[in-house]
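Just so you know, all these numbers are worked out from the coordinates, no wet-lab data involved. For clarity, every value in this text was computed on a predicted model and none was experimentally measured. Methodologically, a virtual Cβ is constructed for each residue, glycine included, from the backbone with ideal geometry; neighbour enumeration extends over all protein chains shown.
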Amino acid sequence: MKISLELFFILLFVYGCSDPVKIDLKNYSNQIKQISAQEEDALKRWNSVSGDNFVNDGYMYQALDTYIIDNYSQFLEKLNGIKPQTKEIQELNNIYIQAAQKQLNGFKMMRDGLEKHNKDIMNKSYQLLTEGRTEEKNWVKKYEELSKSH
């Protein structure tokens, strides 16, 4: 009887202390780390041709067409390939996917606006890019909340 009781407490400790969300969040974090450099590269390139670094429409178009969109598309594809096991981390990943999709759509729209010399399309693309960045900040906030609670 003593062995069975000890085994019960060991199992209770092992299963009672394991947190599937914590384990899934750790696995998710490792997967995100493996693909994050690709996103960072695309965003660095974007920042090098936009804002204070803007040179001209042609230079921005070339960067979007030859590097940013392709690189960011590959990142998004890898992000979509991450399949978390718990509902909480699945929801977290979905936030990131939606943010990244808006960013990618914004890049594509910007390229289209530059090609057509259409300021309305370019302005809409900036709005979409801003929304994507806002959603990505929301992802970071939720990631930190989950990290603290698990």
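Tell me, 23, 82 in order of fewest to most beta-carbon neighbours within 10 Å? Display every interim value, and only then the final one.
On the way: 23 14, 82 17.
With the fewest neighbours first, 23, 82 line up as 23, 82.
Between residue 148 and residue 121, what's the calculated FRET efficiency when r is the beta-carbon distance and R0 is 41 Å? Round to 0.05.
Working: r = 41 Å, r/R0 = 1.00.
That pair, residue 148 with residue 121, gives E of 0.50.
Could the peptides 91-97, 133-139 be put in order, highest first, of the mean number of other beta-carbon atoms found within 10 Å of their residues? Walk me through the intermediate numbers first.
Details: 91-97: 17.4, 133-139: 15.7.
Packing proxy ranking, top to bottom: 91-97, 133-139.
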Segment residue 91-residue 70, length gained on full extension (0.36 nm per residue, minus Cα span): 5.0 nm
Point-charge dipole on Cβ atoms (K/R +1, D/E -1) for the chain, about Cα centre, debye to 20: 260
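When averaged across all projection directions, what area in nm² does the alpha-carbon convex hull of the range 19-149 cover?
Numbers: hull surface 30.9 nm².
Taking a quarter of the hull surface, the average projection is 7.7 nm².
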Top of 126, 59, 28 by mean-square fluctuation, Gaussian network on the chain, Cα under 10 Å: 59
Förster radius 22 Å - calculated FRET efficiency between residue 29 and residue 53 (Cβ-Cβ, nearest 0.05): 0.10
Likely footprinting exposure, 125, 147, fewest C-beta neighbours within 10 Å first: 147, 125
Label-reachable residues, the range 112-128, where backbone N falls under 20 Å from a point 7 Å from residue 62's Cα toward its Cβ: 112-118
Charge-dipole axis of the chain as Lys and Arg at +1 and Asp and Glu at -1 on Cβ define it, positive-most pick from 138, 85, 150: 150
